[in-house]
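Step one of this worksheet: look at the structure below.
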Amino acid sequence: MKYILIFDHPYTLSASNNQPHHRSYSAAVAKQTIDYLTDKGNTVDVIDLHQDRFDPVMHEEDLTAWRTKVPISAQVDNYFERLKVADEIIFIFPIWWELMPAMTKGFIDKAFSKNRAVSMHPRVVLEKNPVIRIFTIAGTPTFLYRLKYGNPIIKAMATGTFKKIGLKKIKWHNFNAEDESPQKRQADLTQIQKYLS
C-alpha cells in the first residue's frame with residue numbers, strides 16, 4: 001500500500017534520535033510508524049513540513065489563487081500530487097493549545113483548497129478516498145481532552161474538514177507522552193501496529 005505521512009514538528013524528523021534539547025516524541029512516533037510500515041513492504045512518502053520550510057500563511061496572493069482555482073505554489077502542487085496516489089494519509093503532530101500547530105493547519109488550508117475538487121456536489125477532492133489517520137502527541141490526558149475540551153482535533157479535522165470533502169474513513173489516536181516514564185513511552189512505540197490497523 002501507498003502511505004503518505006505529513007509530519008509537523010520544529011525539530012523535524014531528525015529529532016527521533018533522542019538527543020538532549022533536540023528530541024521529540026512526535027518524531028519518535030513518526031519514525032516508528034515509518035519503520036513498521038516499510039518493514040511490512042509498504043511505501044511511505046514523507047512530507048516533513050519544517051524540513052521543507054513550508055509556509056503555512058495564507059497570503060493575499062494565495063487566497064486569490066484559492067478563490068480563482070489556480071495553483072497556489074509549485075510546492076503545494078507537488079504535495080497534492082503525492083496525496084492523490086495515497087491509500088492512507090497519516091498526520092503526526094503535537095497538540096498545542098488543544099489544536100494542531102500552524103504548519104498542519106496551513107497545509108490543510110493550501111493542499112485541500114477548492115481548486116482541487118473533482119466534484120462540488122458533493123465536494124470530492126481525493127478520488128481514491130484514502131483512510132486518514134491522525135496521531136497526536138499531547139500533555140493533556142486523552143480522557144480529559146475529550147471530556148473537558150470536547151475533542152477539538154476531531155471537530156476541526158474530521159468533522160470540519162475531511163468529512164466535508166468526502167473523506168469519511170478517519171482514525172485518531174492520542175499519545176500522552178508528557179507525564180509518562182521513558183519506559184512507558186518506549187512501550188507505546190513498540191505497540192504502534194495497534195494504531196495502524
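The values are calculated or read from the model by the stated rules, or taken from the named source; none is laboratory data. No experiment lies behind these values; they were computed from the predicted model shown. Note: ideal-geometry Cβ built from the backbone for every residue, glycine included; neighbour counts use all protein chains shown.
Checking A156 against (1) of a type outside the set (S, T, Y); (2) assigned to a helix (DSSP H, G or I); (3) in contact with a His (Cβ under 6 Å, 6 or more places away or on another chain): exactly one of these is not met. Which one?
In the conditions (1) of a type outside the set (S, T, Y); (2) assigned to a helix (DSSP H, G or I); (3) in contact with a His (Cβ under 6 Å, 6 or more places away or on another chain), A156 misses (3) alone.
Going by the structure shown, is T68 out of contact with any Lys or Arg (no Cβ under 6 Å at 6 or more places or on another chain), farther than 19 Å from I108 by Cβ and without any contact (Cβ under 8 Å) to a residue 60 or more places away in the chain? First the steps, then the outcome.
On the way: out of contact with any Lys or Arg (no Cβ under 6 Å at 6 or more places or on another chain): yes; farther than 19 Å from I108 by Cβ: yes; without any contact (Cβ under 8 Å) to a residue 60 or more places away in the chain: yes.
The answer is yes for T68.
Name the single residue that is modelled with the lowest pLDDT among those in the range 82-118 being outside any helix (DSSP H, G or I) and surrounded by fewer than 17 Cβ atoms within 10 Å (Cβ to Cβ).
V118
Please work out which residue is surrounded by the fewest Cβ atoms within 10 Å (Cβ to Cβ), limiting yourself to the range 1-32 and to residues that are at negative phi, of a type in the set (S, T, N, Q) and modelled with pLDDT under 95.
Q19
For the range 159-195, enumerate the residues that are in a helix (DSSP H, G or I) and touching a Ser or Thr at 6+ places or on another chain (Cβ under 7 Å).
Correct list: I192 only.
Any residue in the range 25-45 that's small (G, A, S): show its pairings with residues that are surrounded by 15 or more Cβ atoms within 10 Å (Cβ to Cβ) and part of a loop (DSSP other than H, G, I, E, B) at Cβ separation under 7 Å, as long as the two are six or more apart or on different chains.
Cβ pairs passing all conditions: S26/H9; A27/H9; A27/Y11.
Out of the residues in the range 133-155 that are of a type in the set (K, R) and within 23 Å of S197 (Cα to Cα), which is modelled with the highest pLDDT?
R133
Mind listing whichever residues of the range 33-54 are in contact with a Lys or Arg (Cβ under 9 Å, 6 or more places away or on another chain), surrounded by 16 or more Cβ atoms within 10 Å (Cβ to Cβ) and part of a loop (DSSP other than H, G, I, E, B)?
F54, the sole residue that qualifies.
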